[in-house]
1. Suppose the filter is free of Cβ contacts under 8 Å to residues at least 40 places away in the same chain, open to solvent by 80 Å² or more (accessible area, probe 1.4 Å) and out of contact with any Gly (no Cβ under 9 Å at 6 or more places or on another chain); does I119 pass it?
2. Looking at the stretch 276-314 only, could you name the residues that are at pLDDT 95 or above and among the acidic types (D, E)?
3. Using beta carbons and a limit of 7 Å, which pairs, at least six apart or on different chains, have the first residue in the stretch 332-344 and in contact (Cβ under 8 Å) with a residue 40 or more places away in the chain and the second one acidic (D, E) and open to solvent by 60 Å² or more (accessible area, probe 1.4 Å)?
4. Please go through the stretch 356-393 and pick out each residue that is farther than 23 Å from A38 by Cβ and of a type in the set (V, I, T).
5. Looking at Y310, Y322, Y335, which is the one that is within 16 Å of the chain's Cα centre (by Cα) and farther than 30 Å from F251 by Cβ?
6. Looking only at the stretch 148-183, filter to residues that are in contact with a Pro (Cβ under 9 Å, 6 or more places away or on another chain) and closer than 19 Å to W133 by Cβ; which one of those is most open to solvent (accessible area, probe 1.4 Å)?
7. Test K295 against the criterion of being under 19 Å from Q254 (Cβ atoms) and open to solvent by 80 Å² or more (accessible area, probe 1.4 Å), and give yes or no.
8. Yes or no: L370 open to solvent by 30 Å² or more (accessible area, probe 1.4 Å), touching a strand residue (DSSP E or B) at 6+ places or on another chain (Cβ under 9 Å) and at pLDDT 95 or above?
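The values are calculated or read from the model by the stated rules, or taken from the named source; none is laboratory data. None of these values were measured; they are calculated from a predicted model. Cβ sites come from the backbone with ideal geometry, for glycine too, and all protein chains shown count toward neighbours. Calculation scope for accessible area: heavy atoms of the full protein, side chains included, ligands and nucleic acids excluded. Shrake-Rupley method; radii C 1.70, N 1.55, O 1.52, S 1.80 Å.
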Amino acid sequence: MSSAKKSVLLFLMIAGWKNLFGGAFQVNLQGNYQTGMAHCGTGGLTNAAGIFFNPGTLSFLKSNSISAGVNLIFHQTEYLEAYPGNYTARSQNTIGTPLNFYAHYKFKKYDKLSAGFGIYTPFGSRVKYDEDWKGQFLLREIDLKTFFIQPTLSYRLNDKMGVGAGFVYATGNLKLRKAVPVQDAAGVYSEGELSGKAKGYGFNVGFYFQANEKFSLGIDYRSAVKVKVNDGSATFTVPSSLQKYFPSTSFTTQIILPSVTTIGLAYHPHKKVTLAFDCNYVGWKTYDTLSFDFKQNTEKLTDVHSPRQYENAFIYRLGVEYKWKEKISLRAGSYYDQTPVKPGYLTPETPDADKLSFTCGAGFDIMNNLHCDFALLYTDAKQRTDTNIETAFTGTWKSKAIVTGINITYKF
């Protein structure tokens, strides 16, 4: 293949960076109380993280509170070249650190009304491979950080029902590096880097129903969020003879982060035991094409329209909490996460597959007004072999992750 054709192909591959918003990079770690129970939190009363899980629950909380938390994600992906090859590669060890912060206030004069404010990380991670690995022209490194900021109001309709809604402002940063299939005099491949900031808007609405002392349910809808990158930076390190074909320029792109509809149930078979079930329906189908509009085009740097054809997917969650002692609770759970990536669309950014995860956690009072929640999560993605229809890159992928987390809550 000629250098010119390879260069054009590179930018078709660059379109794949949006895949980092696929299932493998959707961060479901919005509260370590809930993470300990397989991230269930829509159908029962928990804490101020209801700002994310179900705003309808906030007006039933008895205490005002402020909570802050962090998770550490240890993730690794292994690649095996298609038979008869025996080449293998692994992503480098990196640590993701999604954060969450919630504040809840119950009005004294209007005890049916509560207000909340949340900051959380629904998408974000980092993937880095060795500079010279077999797929370096697809990806060397991705670093994504996103935050959703959500002010919220919740109203208790009566002793059994509550509703709530929040406005979402989304913001984030992206860096992507890939090798360019052009070598310098020393035989080193060139590199292209994309970086930019994005923002968008959405909403979150929820309904909560407390049927009786043993059973409750909730419904939550988090809207799709259309985010746009304006004046992103595209920088290329290439031999001087090719700089006119790869000028440093800006780009724009528009991305739709999926909606999530959740139905949750909570059941108390015993005063010390809570069983929870959540089902998430994630609207990935809106993501069928990714387009890049470069401000400056050349014969080798043209705008890109790259098919993705994601499909909607379900996540099934089951969790349990046991109040071991008055001030100590133990939690556990498991969930099954369907991949939105259809055959033919797998990439190194998200070598995604159906995932089975297991969680555990604990909560205890440090003192009268100070509470701590721990969580541990292990996720195992099904081994998957695929050939990308656009880049023809083929192989077998396997991913695993371990996540730990802590939340500290002050009640007043």
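1. On the way: free of Cβ contacts under 8 Å to residues at least 40 places away in the same chain: yes; open to solvent by 80 Å² or more (accessible area, probe 1.4 Å): no; out of contact with any Gly (no Cβ under 9 Å at 6 or more places or on another chain): yes.
The answer is no for I119.
2. Matches in the stretch 276-314: D278 only.
3. Sorted first by the residue in the stretch 332-344, then by its partner, the pairs are P340/E311.
4. Answer for the stretch 356-393, where residues must be farther than 23 Å from A38 by Cβ and of a type in the set (V, I, T): I366, T385, T387, I389, T391.
5. Numbers: Y310 fails: farther than 30 Å from F251 by Cβ; Y322 fails: within 16 Å of the chain's Cα centre (by Cα).
Criteria check complete, one pass: Y335.
6. Q183
7. Working: under 19 Å from Q254 (Cβ atoms): yes; open to solvent by 80 Å² or more (accessible area, probe 1.4 Å): yes.
Yes, satisfied.
8. Numbers: open to solvent by 30 Å² or more (accessible area, probe 1.4 Å): yes; touching a strand residue (DSSP E or B) at 6+ places or on another chain (Cβ under 9 Å): yes; at pLDDT 95 or above: yes.
So L370 fits the description; yes.
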